[in-house]
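Accompanying notes for the structure given below.
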Amino acid sequence: MSDILIERLKSGDKAALGEIYKLYREPFLQFAKRYHQDVELLHDIYQDVSIALFDRAVSGKLELEKSSIKTYLFSMGKFMLFTKLKKEHPNLELKEEQEWSQGFYEEAKLFIEEPDPRVFFLGKSLAKLGEKCRKILEFYYYENKSMKEIQQIMEYNHPDVVKSHKSRCMKALKESFKHKKFEY
């Protein structure tokens, strides 16, 4: 199954990214809580790692001969978390960090490029919209579900209710970007 998902990722299939994202999100969060308790930060990191996985796959730079998709997501997520924590708290001692060799750090840096600030802001904005909006947008855009499917999953009365709710969510999301300036 993972070979098929990797091939789909490499061809730019966003639905494959959605499947991977959904499949490993909760296990990653449980894993990452060992190192940090800020769930919002862990969600942001998981999203960044998922996007990095997709970008590397599409660009032909993803090589998983020695590991699985799950190993990639967990390793890079842990690396991103430690990097972020060290930036925010330079004197912080991370016991687990000392177990990693310098070679791993150098290899890991090859996998992660600085995330696009717009992607980071999008994740934050989605979180602020609330759970229902986030789920509707994820179902629609990441998983390519129809309004009817979303209506059934989220137990709305009619697909038009989903459609209007999605419209309000997108309007709010666009509004959050309206006056935001990004530096590169």
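Give, in nm to one decimal, the length gained when the segment between Lys178 and Met154 is fully stretched (0.36 nm per residue of separation minus the Cα-Cα distance).
Full extension from Lys178 to Met154 adds 5.7 nm.
Figure the gain on full extension for Lys70 and Ser167 (residue separation times 0.36 nm, minus the Cα-Cα span) and round it to one decimal in nm.
Extending this stretch completely gives an extra 31.6 nm.
Express in whole angstrom the spacing between the alpha-carbon centres of region 124-184 and region 20-90.
23
Work out the charge dipole of region 1-79 with +1 on the Cβ of Lys and Arg and -1 on the Cβ of Asp and Glu about the Cα centre, then indicate which of Tyr24, Thr71, Ala52 is farthest towards its positive end.
Highest projection toward the positive end goes to Thr71.
Between Tyr142 and Arg34, how many nm apart are label points set 7 Å from Cα along the C-beta direction?
My value for the distance between the label points is 2.3 nm.
A short reminder: the numbers here are calculations on the coordinates, not readings from a lab. Small disclaimer: the values here were computed from a predicted structure and weren't measured. Glycine gets a Cβ as well: all are built from the backbone with ideal geometry, and neighbour counts include every protein chain shown.
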